[in-house]
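A short reminder: the numbers here are calculations on the coordinates, not readings from a lab. Just so you know, these numbers come straight off a predicted model, no measurement behind them. Cβ placement follows ideal geometry from the backbone for every residue including glycine, while neighbour counts extend to all protein chains displayed.
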Amino acid sequence: MLGIKYIKFDAMTYVMHYKKGKLKVEGKGLAFYSSNRKSSIVAVPLGSNDIPFIFSESTSDFQSISVQGQITYKIEEPQKLAEVLDFTVDNYGTRKTKDEDKLEQRLVNEAQTATTSFIQGMQLREAITNAQLIQQKLYEGIAESETVKSLGIRIMSINVIAVKPTPDMAKALETSTRENLQQEADEAIYKRRNFAVEQERKIRETELNTEIAVQEKQKQIAEKRMEKEEMEEENRKKLRLMKVDADIEAEDKRKSLIDIKIENDKKMADVDKYKIAAKLEPYKGMDWKVINALSANNSAQNDIAIAFRELAENANNIQNLNITPDLLQEIMQK
């Protein structure tokens, strides 16, 4: 009834209560009685806020692009902000002005200002493919801005969601990119075919080299086999020659042995001849009859034989000789 009302703020709101133009109390989450006629209340929200933005820029090749993103900020010095913008509320907590919208617009303007010179130094293709770099430059520009520092806020993060050309340019880029991709695909197919042909050539060359190596190995094996056969034949020849030499040597030794044996036999014969001659030497001048008489073979048959010999020696002087069969049979039996 007197215009006095009890008002309460949450813990995320920084409150400054002025009475008769003087600051009576300030802090977070305050609650107090206030009169519209004598009091003025400033309520600054302390929580983090997100500001979406989208603005257009021109690149160095005179092409328009749109930069879309989001700024996240937090009010850390509400006293500074309250000195720049009006955050006054009534006894019901309703804001009397829309200066909060001004804050957001100022941050968007600072973001655009921070990126204008940078984007204008880039070409279209470079700009739309470097959103991360634009985001970094945008954050550095806002964080170092004196205007932002004077507002008593802290930039928590800036996210660039998209960097897009105009629809017509996007369509042209798509066509150009599609043609380039098609060309790259054709080149890839060509390279793949060339690679396949090259690999086929290498495989064939490897096969030919393998065949040549196999033929060379077979040739070496044949040469080794021939060398082995020649060596074996040479060894067999040497063995035959050694056998022939051995046979010749054996025959020579046998011949020498025979010669020695013949020589010995001759010597033995000479010895026997000498013995016989020595034995007969005393009888050389004697009559055989004396010799026969001296021998121990004195028998009737021997005497008859001697008689027949004398008859034969004197056959020319004998005119008539009669020898009966009975005499011969008797002699034979004896």
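Sites listed here are GluC sites (Glu not before Pro) in the range 182-289 whose DSSP assignment is loop and whose Cβ has at most 15 other Cβ atoms within 10 Å, and the list is empty. Centre-to-centre separation between the Cα atoms of the range 15-78 and those of the range 186-252: 94 Å. In this structure, the amide hydrogen of Thr166, modeled 1.01 Å from its nitrogen in the peptide plane, lies closer than 5 angstrom to those of Ser64, counting only residues at least 5 positions away or on a different chain. Dipole size of the range 209-249 about its Cα centre, with +1 on Lys/Arg Cβ and -1 on Asp/Glu Cβ: approximately 120 debye, rounded to the nearest 20.
Using Cα positions and a limit of under 28 Å, work out the lysines in reach of Lys275, with same-chain residues fewer than 8 apart set aside. Once the sequence-local lysines are set aside, what remains near Lys275 is Lys261, Lys266, Lys267, Lys284, Lys289. In loop segments of the range 50-79 as defined by DSSP, the chymotrypsin sites (Phe, Trp or Tyr not before Pro) with at most 13 further C-beta atoms inside 10 Å of their C-beta are Phe62. Rounded to the nearest 0.05, what FRET efficiency do Lys5 and Asn159 have when you use their Cβ-Cβ distance and R0 = 30 Å? The value I calculate is 0.10. For Gln120, neighbours were defined as the other residues whose beta-carbon sits under 14 Å from its Cβ, and their charges (Lys and Arg +1, Asp and Glu -1) total -2. A straight Cα-to-Cα reach below 13 Å connects Lys74 with the aspartates and glutamates Asp50, Glu100, Glu104, residues fewer than 8 places away in its own chain not being considered. Sorted largest first, the principal axis extents computed over the alpha-carbon atoms of the range 4-165 equal 63, 22, 21 Å.
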